[in-house]
Structures are given as structure tokens and as C-alpha cells.
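The values are calculated or read from the model by the stated rules, or taken from the named source; none is laboratory data. Just so it is clear, the structure is predicted and the values come from calculations on it, not from any experiment. No Cβ is skipped: glycine too gets one built from the backbone with ideal geometry, and neighbour counts run over all protein chains shown. When the accessible area is computed, the model is the full protein with side chains, heavy atoms only, and any ligands, DNA or RNA have been set aside. Shrake-Rupley method; radii C 1.70, N 1.55, O 1.52, S 1.80 Å.
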Amino acid sequence: MPRIPGAGIGVVTATRDALRKGIRAASVTASSNVLSSTSLSANVESPSPSFADSIDPATVVPDGDLARIARAMGCAVEDLIAYPNLHDPSEVSMPYITAKSLTIPAYRRTPFLDWRVKMPPATLKSRKSKLAYRHPIGLDQAFREALGVLEADRQQKYDNVLKMHDRIDAILQHYNVSTIDDIPDHKSRGDAYLASVEIEKGRINAEINNPEIIHQFNSGNFDMKFPVHRFLARQKWEKNDRLLLMDRLESMKVMPDTLPTFYPRVDLKIRFPGTMAHWIDPGRIMSTGVTAQAPEFSIQIFEDKAKLYTIVIVDPDTPDVENDSYKTTLHYILADVKISGNEPLVDKSMARELVPYLPPHPEKNSGFHRYAVWAFEQPGGERLAVQQRKGKGPIDVDRLLERERFDIRLFRSAHGLRAVGAHFWRNGYDSKTEGVREKFGLGPGSVYTHKRFQHYEDYRG
């Protein structure tokens, strides 16, 4: 941001803190001039040597002002009503606080404390320091000037976004196709893809410094339809929840006991109905009575396109007495789960249950079992075809969905799935386990004991 003339360090710092507080959004009618409604230049630079010189982007039918603004911002016209916009800088002044808003008791107030006091920086925590703070001279003018700089930068970036849109439209009209993938010329198709990437970046950069955007996002009032909200949500997830997830997956050896290491691309969350109706942290120890019902899932993606996913739950800690080792048990497969960025909750009624949910029922003295939940992205957005194999060589189809000794790596490779999200919880034998076995007809459980050898010859058999 350019330096504001006549503004010292204190003014700039206070202005920054005020911007972080945010400004109340104006109506679309009052702020519809945020983007230039003038037509773009008719001469668009040719994206490739193979592109015909006679193509004129001005032949594209121009949209209305609101439709063009919505196109630049990557949303529908009706979504603009609730979208936060900057006020006219000339009509903005600093927010105020009063003694009442600081919860000062009435008997301790004085006429001075009842006066309106300009909002202090957010870094001041105590009520006394907030009331004692005085803004530097000229802060209101610096505040309005800062908003004007943000508004000019925002408009310029949205104009660039519209130019990229017109370039893509010109290429599509030249080749008489509707999507970028259908463009026959390789060079022109690559240029159109680059333009689409620049559009997404431009939308994010145009709003990333909007104080109302930051204020609403920090308040939890945001919409994943907008690119800047998706960017901020992904950034927050990568700095917090994803780090915790990877730490738990690696420290508790979920990777590589189920699948090798991977790069999480979606925020997968789980919760159980009933008393535990809140999202749980990875690796939490749960009661078998709570996990008797199938969990609910949330898959938060950070893209604007809807995709199909497959959810798999496995237990890699089932004792294998015959081989003196462990085997993997399949507990659940839910395929064809359609998820969009604005609707992360999984609707099981719209998905396909390939394998019903098997409640966890650990054996006594078998320790804690890890129940790993994996989210796979289905290739090409197509429905999962279990009877087909993506790859070479024959395969036993019945083995793919067999609960005992389930091979999750074989299941993944057979269908060309890509792991994009993971989660897990833990169960051990507790007072509810026998009741779960009886309720779901799982039969009596085994009791494991540790065999002690008195001599080395006993161990050798």
C-alpha cells in the first residue's frame, strides 16, 4: 500500500488496526460502482500464433452491469446482495465505543466516560487502557485515504479479471466450442487454462485486503462460493487442523499401516450422532457405545467444482492369531458421495453404500484399535464401478469388498482412486462392548492373554 502523505507511524498503525475491525457492508445499489461498467478494449492480444487475427472479443455479447460484476467476482447475481463491499471512502468515519459498551458499572461512570470515544487499536486489552487511548491527529482522514487506495486497487484487479474472461470467450468462439477442454489447438488450450488460473488469482487478490472480508471471515460469517473465502479457509486449515492431522497420522502409525504418506487436499471431519454430536479430533479415544452408529462426515473442498468421493473405514489392528500378526478389517464403504465447496456435509441418502457399517467391537485385552477413515476422489467424476479394474492383470472382484483381510491398497489401485483426506479415532474394549455385540448379533468375543515363556527353548517350540 502506498505511503499516506502526512501520516506518521502511529497513524498508519492505528489505521491498520481499524481496518482489521472491519466496516459494515453497504448495499449493492450503493456500491454497484465498485467495478467499471465500461466496455473493455476491443483489441485483445492474440493468445497464440494459431489464433485467427480476425477474431474480435468485442463480438461477445456484453452482460449487464450486475451480471458483469458477478462474472468478475465468480458468483451469481443474487449472491452479490450479501457480499461485503467497501463503503464510499468519503462517507466513512472511525467507529466509536462508549463506557456502556465496555461494561463499566454505572456507579463508576463519570460524565467524561459517557462521552463517545473513538475505537482504540485491537491490541489494547484492558478497559482502562482503551479509555485512556487517544487517536493521533488526522486519523479519520488517513482512514478514508486507506480505503480509497484499497478501492482503486480492487477495481483495477477486477478489470484484469474481466479481460481474462473476454480472452477465453474469444478463443471459445473462434473454435466454436463451449469448454476449454474441447479446444482442438494445444497452444490455444494452454493459454486458455493459464487465463483461467489468472482469473482465480485475480479474484483472490482483489478481495484479500478488504477489511470487511477479513472481519466476516474471522467472525465465521463467510460463503465458500467466493474464491477469497475458499482461499482464507484453506489457509487457516493448512496452518492448524492439517498440521494436527498429519502429526496424529504419523505418530500413531496410521500411515503406513493403512496407506503410505499422502498430501491432504480436503478437510475431512467426523462426528457421531447422539451425545457426541460434535466434530472430534483425530485419534480421540471413543466409547464403543458411541461408535455403534455410523458416523457423520464433512468433506470441505476448496474448489468451486462439485466432485464424487468414496469413504472407506478400516481397522488395521485386528489380531491375526494364526500368523502372530495383525490384519485389516473393513468396516464401511460409501461411494458416489457428491460434495461441493458450499455444501460439505455428506448426504448418505444420495450416495451408494457398498458395504454396511460394522460397529467397532474390539476383543478384550487386544489394546486400542485405530479406525482409519479415508476419503478418495473418484476419477473423472464418474460413478464407482466395482466390477472394473483400472490397471493390468486379473483381479478377484469378491476380494475387493471382503471384510476379513481387506486390502485397502488393492481397492484403491483397482478403481484408480486418489486419497485426498483422512481421519481416525480409537476404540478399546470397555463396558459397552458386550452390549454392542449382543445388539448387532456379532457373537461372543475372544479374550487374549500374553503367553510367558520360562526358557528360550519354550519359545523355539
In debye to the nearest 20, how big a dipole does the range 289-346 give about its Cα centre with +1 on each Lys and Arg Cβ and -1 on each Asp and Glu Cβ? 300 debye
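When N is the residue count of the range 305-380, what does its C-alpha Rg come to as a fraction of 2.2 N^0.38 Å?
Working: Rg = 15.4 Å, N = 76, 2.2 N^0.38 = 11.4 Å.
With N residues counted in the range 305-380, Rg over 2.2 N^0.38 Å equals 1.35.
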Using the Cα centre as the reference, give the magnitude of the dipole from point charges on the C-beta atoms of the range 225-369 (Lys, Arg: +1; Asp, Glu: -1; all else neutral), rounded to the nearest 20 debye. 720 debye
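Where in the range 250-300 are there trypsin sites (Lys or Arg not before Pro) that are in a DSSP coil and have at most 13 other Cβ atoms within 10 angstrom of their Cβ? Don't skip to the answer; put the middle values down first.
Details: sites: Lys253, Arg265, Lys269, Arg271, Arg284; in loops: Lys253, Arg265.
Sparse-neighbourhood loop trypsin sites (Lys or Arg not before Pro): Lys253.
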Computed FRET value (nearest 0.05) for Val177 with Lys338, which takes r as the C-beta separation and R₀ as 25 Å: 0.45
Find how much the distance from Arg383 to Arg403 grows on full extension, using 0.36 nm per residue of separation minus their present alpha carbon separation; answer in nm with one decimal. 5.0 nm
Collect residues whose amide H, placed 1.01 Å from N in the peptide plane, falls under 5 Å from the amide H of Thr328; neighbours closer than 5 in sequence don't count. Arg405, Phe406
What list of ³J(HN,Hα) couplings, whole Hz, do you get for the range 294-305 from phi and the Karplus terms 6.51, -1.76, 1.60, once you set θ to phi - 60° and write x for glycine and proline? 4, x, 9, 10, 9, 10, 8, 9, 10, 10, 8, 9
Using protein chains only and a probe of 1.4 angstrom, how many square angstrom of Val290 are accessible, to the nearest 10? 30 Å²
So, R0 is 30 Å and r is the distance between the beta-carbons of Phe262 and Thr449; what FRET efficiency does that work out to, to 0.05? 0.20
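Can you tell me how much longer the chain between Val321 and Ser129 gets when fully stretched, taken as 0.36 nm per residue apart minus their C-alpha distance, in nm with one decimal? Let's see the in-between values first.
On the way: separation 192, 0.36 × 192 = 69.12 nm, distance 6.79 nm.
Using 0.36 nm per residue and subtracting the Cα-Cα distance, I get 62.3 nm.
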